[in-house]
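Visitor: Shown below is the structure under consideration.
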Amino acid sequence: MVRPMFSKKKLVTVAAAPAPGGGVPEIFAKALANPYVGAGGAAFLFMTAVLILIALMGDPKAGTPVVRISLAKVAAMAAPPGWREALIADHPGGATLSTDIFRLSATPIGPDVAFGGQAVITLPGGQAFHAADPLPAAPIAGLTAQGSGGLLPIIAPNGRTPAEAYARPFTSNGRPKVGLVIGGLGLNATATRQAIETLPPEITLSFVPYSDGLQGWIDLARANGHEVLLEAPMEPVDYPDNDPGPYTLMAQAQGQETVKKLEWLLSRATGYFGVTNYLGSRFVGSDTAMGAFTGALRGRGLAFIDDGSAAKRGGGLPRASADRIVDDQLSVEAIDQQLLSLEAGALQHGQALGSGFAYPVTLNQVAQWAQSVESRGYQLAPASALTTRR
C-alpha cells in the first residue's frame, strides 16, 4: 500500500450557533424525524468518531515494516517498457507492491506540486524491500541494432559497450569485495519477484532466455537497481538426457551455427551487461565452440560470467568466474557455510564471486547474509565490478 506521508492536520470542531429562542428550528425538527436522515446522521457521527480516534491513537499499521521513498525520485521515474508483462500474479496479492510502484510513477503529476515528502510502502508478509536508485531503462540509445529476431547489442560509435553501459555503477571502498549471481530467474513469477524485491541491488540477477515477459522482468530488475545477465544454455556431458532447450549451444556445431543460435538468444531482450552459462560442461571443453562464442560476445561488447566451469577460458572480453556455487546442497546450514567460505576467499584474494539458483531457501539465506556481510568488513559488489579482461 502506498501512502503519502503528509503532516497531520489538527481537527477543529466549530459549535453551531443556537437558534433564536433556544429551540430547534422547525425545518430541522422535521428533517430529524425522517428515519433515513436520522440513519445517515448516525453513520456520519460514527465515521467522524472513528477518524478522530485514529488521529488520536496514530497509524494502526505502525508496527508493519515500511520503506520510505522520496516522492521526488518516484515522480521522476517512468514505467519501464514491458513492466506489465512481469506482473504475473500467481498468488493472491502477489503483484500489489510492484503494481502500486509503477501506478504511482506513471501517474501524471502537475508542475505546481511540490515534492518534499516521502511515500511509504507497506510490505505484505513483512518482507524487506530495498529502495535503490533505478538503473537507466533499456535500450540505451546507440547500443542496439535490429537483427532478424529482434534488437541485438552492439558497441556504440563512440566505443561505449553494453558491458559498460548496463553494469551497475560501483566505487570500491578498499575492503574485500564479495559478489553473488542468482540465476534461473524469469520462469517462476514468485521466485523472480522475490529476488528482485528482497535482495540488495548489488546482487546480480541472471535470467532464462525462454522466459515469458523476459523484457518486463529485466526492466523491473533494473528499476530496482540490479544489473542483469542473460543465460546461454550450453551442451552438458549428459546431453540429451539433460537438455537445456532448443537453442542449446552445441560443442560440435560449426561456428556459424553457434553464432546464429547465440544471436537468437541475445535478441530476446535488452538491458543485460553480459552473458552467463547454463550448464555447458561439454561445450566449454571445446576450443572451437568457445572460440566462436567468446568471439561473438567480444564483437558485441558483452561480458562473460561463468559459474566456475569455464574459469580457465579467456576470450579477450570482460570475464569473471564464480569461486563457488553456494547452494550445491539445499540446506540452510550448507548455504550459510558456503557464504562464509565466500567471505574467506575474498579476504584471502581481495575479491570473491559466488553463484546460486533461485531456490526459496537460497533466496532467504542470501537475503539474511547480505544484511550483515558489510558489517563484517566486506563490500558487497555487483559481478561486473569483479570482471577483468582476459
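Visitor: Given R₀ = 22 Å, what would the calculated FRET efficiency be for R390 paired with F170, taking r from the Cβ atoms and rounding to 0.05?
Guide: Given R0 = 22 Å and the Cβ-Cβ separation, E is 0.70.
Visitor: 7 Å from Cα along Cα→Cβ at both M250 and R160: what's the point-to-point distance in nm?
Guide: According to this spin-label approximation, the distance is 4.0 nm.
Visitor: Can you work out the base-10 log of I(q)/I(0) for the stretch 144-389 at q = 0.09, 0.10, 0.14 1/Å, using the Debye formula on its C-alpha atoms alone?
Guide: -0.35, -0.44, -0.88
Visitor: Please list, in order along the stretch 213-227, the HN-Hα scalar couplings obtained from phi with the Karplus expression 6.51 cos²θ - 1.76 cosθ + 1.60 (θ = phi - 60°), rounded to whole Hz, x for Gly and Pro.
Guide: Per residue, the Karplus-derived 3J(HN,Hα) values read x, 4, 4, x, 5, 5, 4, 5, 4, 5, 5, 9, x, 7, 7 Hz.
Visitor: Count neighbours as other Cβ atoms within 10 Å of each site's Cβ, and list the trypsin sites (Lys or Arg not before Pro) in the stretch 293-338 that are DSSP loop with at most 12 such neighbours.
Guide: Hits after loop and neighbour filter: K312.
Visitor: Taking the beta-carbon count within 10 Å as an exposure proxy, list V275, V259 from fewest neighbours to most.
Guide: Least crowded to most crowded, the residues run V259, V275.
Visitor: May I pose another question? Where does each of E343, E231 land when they are ranked from fewest to most other beta-carbon atoms within 10 angstrom? List each step's numbers first, then the result.
Guide: Working: E343 18, E231 23.
Listed from fewest to most nearby Cβ atoms, that is E343, E231.
Visitor: Find the centroid of the Cα atoms in the stretch 211-280 and in the stretch 336-390, then give the distance between the two in whole Å.
Guide: Taking the Cα centre of the stretch 336-390 as reference, the centre of the stretch 211-280 is 23 Å away.
Visitor: Looking at the stretch 192-226, which chymotrypsin sites (Phe, Trp or Tyr not before Pro) are in a loop (DSSP not H, G, I, E or B) and have at most 10 other Cβ atoms within 10 Å?
Guide: Here no chymotrypsin sites (Phe, Trp or Tyr not before Pro) fit, given the DSSP loop and packing criteria.
Visitor: Also, quick follow-up: How much length, in nm to one decimal, is gained on full extension between D336 and L187, taken as 0.36 nm per residue of separation minus their Cα-Cα distance?
Guide: Working: separation 149, 0.36 × 149 = 53.64 nm, distance 2.54 nm.
Gain on extension, D336 to L187, equals 51.1 nm.
Visitor: When the convex hull of the Cα atoms of the stretch 147-270 is projected onto a plane and the area is averaged over all directions, what value comes out in nm²?
Guide: Here the figure is 10.1 nm², rounded to one decimal.
Visitor: In addition: Can you compute the modelled spin-label distance between Q146 and A311, with each label point 7 Å from Cα toward Cβ, in nm?
Guide: With each label point 7 Å from Cα toward Cβ, the separation is 4.5 nm.
Visitor: Give, in nm to one decimal, the length gained when the segment between A344 and D212 is fully stretched (0.36 nm per residue of separation minus the Cα-Cα distance).
Guide: 43.7 nm
Visitor: In which sequence would Y272, Y378, Y359 go, from the one with the fewest C-beta neighbours within 10 Å to the one with the most?
Guide: Y359, Y378, Y272
No value in this document is a laboratory result; all are computed from the given coordinates. What you are looking at is a predicted structure, and each value in this text was computed from that prediction instead of being measured. Heads up, the Cβs are rebuilt from the backbone with ideal geometry, glycines too, and the neighbour counts pull from every protein chain shown.
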